[in-house]
Amino acid sequence: PLAHLETTFINWHTSTSNAARINYLMNPQVKRRRPYWVFDATMDDSTSNTCEACNGTILPAGHRWFLTHTQPLHHRCRSSVQGVTNRRAEILGGSRKRAPSSKKTAPAEGFGRQVLEAWEPTTEHYPAGFKPAKRPV
């Protein structure tokens, strides 16, 4: 039971932190400075075959491949997506024109999907007259 709870927490933490990272990387100002995303797996003896096959994939920011390859890709996934500059993309091997397509890169069932619903704050549970701060555009 404790191992299950720990795995659930790790999956939740990975999912929420990567969702926040994707939200940040999708900001138009950030996309201009970091027009590429790279799949970054923690490479060691515990790395899954899926993450190893995806590691180093560099595609334009927001590429549709990332819609199904956003971490976690499986239980206890330690990978992430990083935004990189044009120069860094070239240093890492250049951008790929096509996403890797292979059974090796398929996430486990129920994993790898981006959360696309926009979150909007609500003031319904706050005192009358409360005004939220304006979000940057």
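The values are calculated or read from the model by the stated rules, or taken from the named source; none is laboratory data. As the structure is a computational prediction, the values presented were derived from the model and not from experiment. We place every Cβ from the backbone using ideal geometry, glycine too, and count neighbours over all the protein chains shown. Each accessible area value is taken on the protein alone, full model and side chains, heavy atoms only, with ligands, DNA and RNA left out. Shrake-Rupley method; radii C 1.70, N 1.55, O 1.52, S 1.80 Å.
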query: In a GNM of the chain with a 10 Å cut-off on Cα contacts, which of THR68, THR16, THR122 has the highest mean-square fluctuation?
result: THR122
- request: Throw me the Rg/Rh for the range 3-47, computed over C-alpha atoms with Kirkwood Rh, two decimals.
  value: 1.12
- prompt: Between ASP45 and LYS134, what FRET efficiency comes out of the Förster formula 1/(1 + (r/R0)^6) with R0 = 41 Å and r the beta carbon distance, rounded to 0.05?
  reply: 0.30
- line: Read-out Kirkwood radius over Cα pairs in Å, candidates [x] 15.5; [y] 16.5; [z] 18.5; calculated match is [y]
- prompt: Tell me, what is the per residue accessible area of the range 17-74 in Å², probe radius 1.4 Å?
  reply: 51 Å²
message: Rounding to the nearest 10 and keeping the result within 0 to 90°, find how far the Cα-based axis of helix 2-25 lies from the longest principal axis of the chain.
response: 80 degrees
- prompt: Pick from VAL30, VAL38, VAL81: which is most flexible by mean-square fluctuation in a GNM of the chain where alpha carbon atoms under 10 Å apart are linked?
  reply: VAL30
task: Kindly state, to the nearest 0.05, the FRET efficiency for THR123 paired with VAL30, given R0 = 35 Å and r defined as their beta-carbon distance.
output: 0.80
query: Share of the range 1-91's accessible area from carbon and sulfur, percent, 1.4 Å?
result: 53 percent
field: Whole-Hz couplings from phi, Karplus 6.51/-1.76/1.60, listed for the range 76-89; x for Gly and Pro
entry: 6, 5, 10, 7, 8, 10, 10, x, 9, 6, 4, 4, 5, 4
message: Can you show me the helix-derived [θ] at 222 nm for the chain, built from DSSP H runs with n ≥ 4 at -39,500 (n - 2.57) apiece and divided by the number of residues, rounded to the nearest 500.
response: -9000 deg cm²/dmol
